[in-house]
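In what follows, a single structure is set out as structure tokens and then discussed.
Computed from the coordinates by the stated procedures, all read-outs in this text should not be read as laboratory data. Just so it is clear, the model here is predicted, and its values are computed rather than measured. Glycine also receives a Cβ, built like all others from the backbone with ideal geometry; neighbour counts cover every protein chain displayed.
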Amino acid sequence: MKSLKLPVTEPKITIDEKRRRILAEVSIEGFLIPEGHPPIRNKFTRNMGYILDGLIRVALVSVYDEGGTSRNVSTNLGHLMRYYYGTTINDVYIGVPMFLQYGNGYTTPSVVDNNLATPDLHVPTRYVDVVEAEDSTTAIYAGRWTPDADKEYREVGLKHIVDTVAGYATLLARTVCPTPLVRSAYTTYFEGYALTFPSSFTRWFARALASTVCGHAVRHARGVTCVAQDGSTFVLRTPGAFYGSPDVMIGSNNAPPSPTDHNLKAPIASLANQTQSVEVDTTLQEVRIVRIGSYSPTTSVQFGEIGLFANLYGFRAGSGAGYKTLLVRATLDPPITLNPGTTYTLGIIIKLA
């Protein structure tokens, strides 16, 4: 999977001049990577949106388990390993709390699915990695598995264990295969899910996201490198990479985005009155994480770029701290002039397609 190249969706800028509202939409797409078959596009569920929202804000959020019951997930700790300091919960993760599940249903996937249509066996994801290209980044959750009987499957889900004691799990994505996956007894397969990020998402975001499901909940380790807003390098904490304080900033330079960007090219200011929410659209069958704010220029301003930042926790010379890091950068072509004496609503939408 190291040479994996999957399609990505470029950013879309929505401009409503009458309402003075400008939103940049960037998309994360997902694919099942079955051995012997081409990649198959998945449908993300609302649970994936809630989890990404919680990680970016480092806030406790709830997801739906396989039976539709609301369960808290440990996004308030900046990772997905579920361990609550100072409580009686002894539910401590070690390893990778993600797995694949295969089934035989082929109903149309929905953003409000809580489970597979006809769930069958589970496959652990022992392999977590980030594949980086010049114009995209791909996070991979995969594993090797061997059926003990001949099988055929029509659906595969990516799931996350919410509670290892009670066994609660939440469905993050579901794929229905156009033709059955034929799996032979005692034959080993290497399969998984891939999340693709276009160039408007930085490598640092994908690296942090992959780290949230690796390691040990109470023994934080050093992971891979990231570059902070000021251009300095730090080593990502694994897990517990996310550290909160999201911020949307605008700038004037509209040079094309790159996964290695660490700051806006020509920063102007942070937005005021920022809010963040999750929209579950059952008509368009998509989930959106929306962060917006306002900006009232006092002089004419060229608006050419917008970025989403958040603190990531990392280490330098043996000391740990949070570092403001660019997660998303989108640009406008051509730039737009913002007029003085006018209040604009600006923001970034992360769409799970």
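Laid out as a table, the results:
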item	result
Neighbour count of at most 10 Cβ within 10 Å plus DSSP loop: longest GluC sites (Glu not before Pro)-free window in the chain	135-353
The chain: relative contact order as a whole-number percent, Cα under 8 Å and 6+ apart	20
Theoretical gain in end-to-end length, THR233 to ALA269 [0.36 nm per residue, Cα-Cα removed]	10.6 nm
Among PRO257, PRO147, PRO124, residue whose mean-square fluctuation peaks in a GNM of the chain (springs only between Cα atoms under 10 Å)	PRO147
Vicinal HN-Hα couplings computed from phi for the range 65-70 (Karplus, 6.51 cos²θ - 1.76 cosθ + 1.60; Hz; Gly/Pro x)	6, 5, x, x, 8, 6
Most mobile listed residue (CYS214, CYS226, CYS177) in the chain, GNM with C-alpha springs under 10 Å	CYS177
Gaussian network model of the chain, Cα within-10 Å springs - most flexible of PRO334, PRO267, PRO180	PRO334
Summed side-chain charge close to LEU181 - residues other than LEU181 whose Cβ falls under 10 Å, Lys, Arg +1, Asp, Glu -1	-1
Angle in degrees between helix 46-57 and the longest Cα principal axis of the chain, rounded to the nearest 10	50
Answer label for Kirkwood radius over Cα pairs in Å (calculated), chosen among [x] 29.1; [y] 22.7; [z] 20.9	[z]
Translational D in µm²/s for the range 27-197 (Stokes-Einstein at 25 °C, 0.890 mPa s, Kirkwood Rh from C-alpha pairs)	148
Ranked ARG329, ARG288, ARG316, criterion: other C-beta atoms within 10 Å, fewest first	ARG316, ARG288, ARG329
Convex hull of Cα atoms in the range 221-352, direction-averaged projection (nm²)	9.4
Descending principal axes extents, the range 295-353, alpha-carbon based, whole Å	47, 34, 18
Cα-Cα over 26 Å, subset of LYS43/LYS265; LYS12/LYS265; LYS265/LYS324	LYS43/LYS265
